[in-house]
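The values are calculated or read from the model by the stated rules, or taken from the named source; none is laboratory data. Everything quoted here is computed from the prediction, not taken from an experiment. As a convention, Cβ positions derive from the backbone with ideal geometry for all residues, glycine included, and neighbour counts pool all protein chains shown. The protein model used for the area step is the full one, side chains on, heavy atoms only, and it has no ligands, DNA or RNA in it. Shrake-Rupley method; radii C 1.70, N 1.55, O 1.52, S 1.80 Å.
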Amino acid sequence: MDESRDRIICMKCNVALVKTKTDFSYLKHNFDTELLRCPICGQVYIPEALVKGKINEVEMALEEK
Ligand SMILES: [Zn+2]
């Protein structure tokens, strides 16, 4: 049931997204992480869970300082 989970298709290009090391920033913090990205149009798929996880990490890191 979970086998298709890692294969996300770009709706625009109809190709499977590939894992790519990607920088993205949130609240002036840069993350360097592997994200699924369309090899044709460059559209990055950011799972909501990942965003929330990263944001939690940042918020916790800020509170610790
Ligand atoms: Zn695409």
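Structure data summary
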item: Area accessible to solvent at residue 15, 1.4 Å probe radius, in Å²; result: 40 Å²
item: Spatially close lysines, pair count over segment 3-64: Cα under 20 Å, gap of eight or more or interchain; result: 6
item: Area accessible to solvent at residue 57, 1.4 Å probe radius, in Å²; result: 110 Å²
item: Max mean-square fluctuation residue, GNM over the chain, Cα-Cα springs under 10 Å, options 35, 17, 27; result: 27
item: Cα-Cα pairs of the chain separated by more than 15 Å (percent); result: 58 percent
item: Karplus-derived 3J(HN,Hα), 6.51/-1.76/1.60, for each residue of segment 50-59, Hz, glycine and proline x; result: 5, 4, 5, x, 5, 5, 4, 4, 5, 4
item: Accessible area of the chain belonging to carbon and sulfur atoms, whole % at 1.4 Å probe; result: 51 percent
item: Per-pair calculated FRET efficiency, R0 = 25 Å: residue 21 and residue 63 via Cβ, rounded to 0.05; result: 0.35
item: Sum of -39500 (n - 2.57) over DSSP H runs of 4+, divided by residues of the chain (222 nm, nearest 500); result: -9000 deg cm²/dmol
item: Mean separation of Cα contacts under 8 Å, 6 or more apart, over the residue count of segment 16-65: relative contact order %; result: 27 percent
